[in-house]
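Here's the structure, in structure tokens; my notes come after.
The values are calculated or read from the model by the stated rules, or taken from the named source; none is laboratory data. This one's a predicted model, so the numbers in the text were calculated from it and none came from an experiment. No Cβ is skipped: glycine too gets one built from the backbone with ideal geometry, and neighbour counts run over all protein chains shown. Quick note on the areas: whole protein, heavy atoms, side chains included, nothing else; ligands and nucleic acids left out. Shrake-Rupley method; radii C 1.70, N 1.55, O 1.52, S 1.80 Å.
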Amino acid sequence: MRINSFGYNIKECFKNLWRNRMMSVASISSVAATLVILGIIFVLIVNISAMTQVAKDQFDTIQVYLDDDLAIDGIEEIGTKMIQLQGVQDVIFEAKEEALEKMKLDWDQNGYLLDGLESNPLPNSYIIVLDDINYANYIVNTIQDYDGIEEVKYYQEVIENIIKITDVIRKVGLMIMVILIAISTFIISNTIKIAVHSRRREINIMKYVGATNWFIRGPFLLEGVVLGLLGAILSSVVIYFAYKYSYDAIMEQFYMFISAYLIRAQVIIKDVVFLFVIIGSGIGALGSLASLRKYLDV
Amino acid sequence: MIKMLNVSKKYNNGVIAVANMNLNIKRGDFVFLVGPSGAGKSTFIKMLLKEENPTSGHVVVDDLDITKLHRRKVPELRRKIGVVFQDFRLLPNKTVYENIAFAMEITETKPRDIRKHVPMVLSIVGLADKQKMYPDQLSGGEQQRVSIARAIINNPPILIADEPTGNLDPETSREIMKLLLQINRRGTTVLMATHDKEIVDLMKQRVIAIEKGRVVRDELGGKYGYAD
Ligand SMILES: Nc1ncnc2c1ncn2[C@@H]1O[C@H](COP(=O)(O)OP(=O)(O)OP(=O)(O)O)[C@@H](O)[C@H]1O
Ligand SMILES: [Mg+2]
């Protein structure tokens, strides 16, 4: 007949949730909806971050095209100057003949078109491999002032745009997250408030017999956390299948292009479940504590 | 056991429920608290339980000045005081046994001790054969016995009863009083607020009369002293 055992508390908890099933369903759905949206934002951020990383690795080179009339001495001089700049890891020379060969390979079946050219229109160039992407601007500006430079090409804008987009997604995502968490905390707190209200006699008696506030909070806290966790489970399932489906669809559509940078569902779901469990139970605990404040103050 | 030193209580709405009260109730006393409706009896009891705080003065319970007691220490105070109310305040979805055991679980008593003590207290209040019944299957007198059993299960030094016989017929009331006297004889200080003239006159215990928040009479073996 022991009432204060864990098993008993769990049983009571589900009994109470069932008694209030309308509100329970509303709470679980709101937590699940919050977490699903949160999960979408999370998945987006993780994937974009991964892509940004790949992009950074790919665009960490600067193309320096040289004037066609620059003599071999001049070419070498520029090369030695560049290697000494801060942030430069390596400098690779690409002669105009090599560039043409490469282009032919790139053009593949249409490569024969290039055979008809009278003279090679491509310039000699250097490829600078960056050590640290933060020096890119400084390097580009310095090299542009050298004599015998035709053009300096750097995919800075691409990277900056990616970083900007990621940043916006992160900020907007965070804002949406905070609002959604507040809403579901509010809904849970209302559910618990009903539970507390229907048991105010019991709480009142508990107080008179000298129960500590934490003892009284315990079962309600458990109810809130269970609601949050049920929401977390539901949303994890939704996110897993939605992500898997989208992943497969993108794989099919774009084949290797983007999909190479996407993170597989099995990998991402671990983080998602972990995140959801923490946030779900956090929302539940916060909601029930908020609703209990008034009743415990005697 | 209970001391009031210049205690006053003014509610937020301006009502002065207790005015400069001085009282000393010793260990093992049996005290009736009488007085017209609105005299401040319940307010007095609420201050002992720290449900209300005095506006000025000091309330001392079991040698402890509870006036400045921290919120976290309030449960500890309440475990020293068993309380019985006019409306019994039992949990309808728990049996007699569970209602009493509940008070022990809350104070984190070992299950073994609970199993030992509950039947003991049930036999003190004369309900040994009703432990599996639910409150709505019991008479008013029996329900009040359950609530008394719950109040004394943790062996508190003080038992407070606010009109415990208010809902009971005279015969049942006398039986409840017998029980309270029996508990008092075991050393528990009993404080009972009541409007029950017959019982106060019959018991011949200390009577403290309050009017408009002031003690107007305090005598041993006293009478109820009001006509109602
Ligand atoms: N929470 C409260 N807020 C404001 N005024 C209150 C409050 N509780 C009691 N009072 C007032 O304080 C005065 C004393 O009330 P109290 O309940 O102590 O009287 P009592 O002696 O117990 O009366 P009764 O015999 O009818 O139970 C009354 O005038 C009452 O209206
Ligand atoms: Mg009263």
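Which GluC sites (Glu not before Pro) in region B:93-152 sit in a loop by DSSP (not H, G, I, E or B) and have at most 11 other Cβ atoms within 10 Å of their own Cβ?
Here the GluC sites (Glu not before Pro) that fit, given the DSSP loop and packing criteria, are B:Glu108.
Quick one: in the protein assembly as shown, what % of C-alpha pairs are over 40 Å apart?
Of all Cα-Cα pairs in the protein assembly as shown, 52 percent lie more than 40 Å apart.
Can you list the HN-Hα couplings for region B:55-61, worked out from phi with the Karplus curve (6.51, -1.76, 1.60; θ = phi - 60°), rounded to whole Hz and with x for Gly and Pro?
So the Karplus estimates, Gly and Pro as x, are 6, 8, x, 10, 10, 10, 10 Hz.
Counting partner chain Cβ atoms within 10 Å of every residue's Cβ in B:78-85, what's the average?
3
Starting from the amide H of B:Ala19, placed 1.01 Å from N in the peptide plane, find each other amide H under 5 Å away whose residue is 5 or more places distant or on another chain.
Long-range HN contacts for B:Ala19: B:Lys9, B:Arg214.
Could you work out how far the C-alpha centroid of region A:121-144 sits from that of region B:118-196, in angstrom?
If we compute the Cα centre of each part, the gap is 93 Å.
Ignoring ligands, DNA and RNA, what accessible area per residue does region A:68-147 give at 1.4 Å, in Å²?
With the other protein chains kept in place, region A:68-147 gives 67 Å² per residue.
Give me the extension gain from B:Ala227 to B:Thr67: residue separation times 0.36 nm, minus the current Cα-Cα distance, reported in nm with one decimal.
Roughly 54.1 nm would be gained on extension.
Name the shape class, rounded, prolate or oblate, that the alpha-carbon gyration tensor gives for region A:201-291, where a ≥ b ≥ c are the square roots of its eigenvalues, rounded holds for a/c under 1.5, and otherwise prolate holds if a/b is larger than b/c and oblate otherwise.
Prolate.
Starting from the amide H of B:Arg217, placed 1.01 Å from N in the peptide plane, find each other amide H under 5 Å away whose residue is 5 or more places distant or on another chain.
Placed amide hydrogens put B:Ala209 under 5 Å from B:Arg217.
Using all Cα-Cα distances in region B:1-146, what percent lands in each 5 angstrom bin from 0 up to the longest?
Final binned percentages: 2, 8, 16, 16, 16, 14, 13, 10, 5, 1.
How crowded by other chains is B:101-109, given as the mean number of beta carbons from other chains within 10 Å of each beta carbon?
The shielding value for this peptide is 6.
Mind checking the angle between helix B:140-152 and chain B's longest principal axis? C-alpha axes, 0 to 90 degrees, to the nearest 10.
Between the helix axis and the principal axis of chain B, the angle is about 80 degrees.
What does the structure give for A:199-209 when I average, per residue, the other chain Cβ atoms found within 10 Å of the residue Cβ?
If you average over the peptide's residues, the count of other-chain Cβ atoms is 6.
In degrees between 0 and 90, to the nearest 10, how far off the longest principal axis of chain A does helix A:21-58 point, with axes built from Cα atoms?
Approximately 20 degrees, to the nearest 10.
Just to verify a number: what accessible area does A:Asp67 come out at with the full protein assembly present, 1.4 Å probe, Å² rounded to tens?
Counting only protein heavy atoms, the figure is 50 Å².
Can you list which of the trypsin sites (Lys or Arg not before Pro) found in region B:134-228 are DSSP loop residues with at most 16 other C-beta atoms within 10 Å?
Those satisfying the criteria are B:Arg186, B:Lys204, B:Lys212, B:Lys223.
Starting from one equal scatterer on each C-alpha and no solvent at all, send me the Debye-based log10 I(q)/I(0) for region A:68-147 at q = 0.11, 0.14 Å⁻¹, two decimals.
-0.39, -0.59
For the pairing of chain B with chain A, what total accessible surface becomes buried, with a 1.4 angstrom probe, in square angstrom to the nearest 100?
Buried surface at the B/A interface: approximately 2200 Å².
Taking the Cα atoms only, what angle lies between the long axis of helix B:111-124 and the longest principal axis of chain B, rounded to 10 degrees?
Relative to chain B, helix B:111-124 is tipped by roughly 70 degrees.
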